[in-house]
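The values are calculated or read from the model by the stated rules, or taken from the named source; none is laboratory data. Since this is a predicted model, take the numbers as computed values, not measurements. With ideal geometry, Cβ positions are generated from the backbone for all residues, glycine too; neighbour counts draw on all protein chains shown. All accessible areas refer to the heavy atoms of the entire protein, side chains included, with ligands and DNA or RNA removed. Shrake-Rupley method; radii C 1.70, N 1.55, O 1.52, S 1.80 Å.
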Amino acid sequence: MSDPMNESPGPAPVPAPADQVRIVLVGTQHPGNIGAAARAMKTMGLSRLVLVAPETPLDDDAYRRSAGAEDVLAQAPVSATLAGAVADCRLVLGCTARNRRVQLEQLEPGPAAARLLRFAAEGPVALVFGRERTGLSNEELQLCHASVHIPSDPAFSSLNLAAAVQVLAYELRRTLLAAAPAPAAPAREDGPPATHDQVEGLFAQLAQTLEEIDFHKGRAPESAMRKLRRLFLRSDLSVSEVRLLRGILADAQRMARLASGRLSP
Ligand code: SAH
């Protein structure tokens, strides 16, 4: 008889696409809206809710407005920062009620749902919603690969938070129901894709390198970094590409330090 301890465990089960979609609520002010968002998710087959620094902890109103989606609320982790909540995500989309100064690609809900589900075949993905009063900050939007806008009336563009979650959750469900069984994603030639925090690590080193090689020459660094972030976020980097770029940056930093050492009196 074969020894069960010697048998290979077999491939790990692949999570269903809906289980890869994380709904992230940032800085929510009214716990009732969190409950209503959980209900909106559960009606559409979503269950992965993540709260980022909610202003008030979950209360009776939150559980009442969840109307039976208590399980979604009860298992929602709380993260101190948006970066922490999406660190392992393959794709992060931020929902905005209006256009912002941050120049991000803007998607409508249908294409956003399709893109999320495409990336969900490779790992977790996130759909991020902002505060009731002020939405997402520009810094938070900068962490997103693209923004999503529900084409509401420009003169009255802001939906209630849970209503916005409902629209996107419905689009995700519609897309899932319409989709033919997804073929297994072909292995990428360039190896596994980089996670969000790996790409953020690259950005931090890039910002530091630009300082060290005096790239900005007195100009404000934000504009160049915004453009570089957009470029790299668009290019869907792999782990090995991030490693290559960071290696180049490390050499540039080493040369800059050598040069400044040589030039200093
Ligand atoms: N006064 C805020 C609106 C916040 S509404 C502002 O002007 O930004 C709370 C959240 O619901 C928003 O941060 C956004 O994530 C989502 N939301 C509301 N209306 C939306 C719309 N038309 N399209 C996409 N997301 C929307």
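Considering only residues of segment 86-105 that are under 14 Å from the mean Cα position of the chain (by Cα) and small (Gly, Ala, Ser), which is nearest to the ligand (Cβ to nearest atom)? Restricting to residues being under 14 Å from the mean Cα position of the chain (by Cα) and small (Gly, Ala, Ser), the top hit is GLY94.
Every residue, every condition in (1) within 16 Å of the ligand (Cβ to nearest atom); (2) open to solvent by 30 Å² or more (accessible area, probe 1.4 Å); (3) modelled with pLDDT of 95 or more, yes or no:
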residue: LYS227; (1), (2), (3): no, yes, no
residue: SER238; (1), (2), (3): no, no, no
residue: ARG246; (1), (2), (3): no, yes, yes
residue: PRO265; (1), (2), (3): no, yes, no
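The set of residues in segment 49-76 being open to solvent by 10 Å² or more (accessible area, probe 1.4 Å), closer than 15 Å to LEU127 by Cα and free of Cβ contacts under 8 Å to residues at least 60 places away in the same chain consists of ALA76 alone. Does segment 215-225 contain any residue that is over 27 Å from ALA53 (Cα atoms), away from the ligand (no atom under 16 Å from the Cβ) and buried (at least 17 other Cβ atoms within 10 Å of the Cβ)? Checking segment 215-225: not a single residue is over 27 Å from ALA53 (Cα atoms), away from the ligand (no atom under 16 Å from the Cβ) and buried (at least 17 other Cβ atoms within 10 Å of the Cβ).
Quickly run through segment 106-157 and pick out the residues that are more than 21 Å from PRO54 (Cβ to Cβ), more than 10 Å from the ligand (Cβ to nearest atom) and in a helix (DSSP H, G or I). GLY110, PRO111, ALA113, ALA114, ARG115, LEU116, LEU117, ARG118, PHE119, ALA120, GLN142, ALA155, listed by residue number. Please state which one of PRO154, PRO111, PRO57 is closer than 30 Å to SER238 by Cβ and not β-branched (Val, Ile, Thr). Only one candidate qualifies: PRO111.
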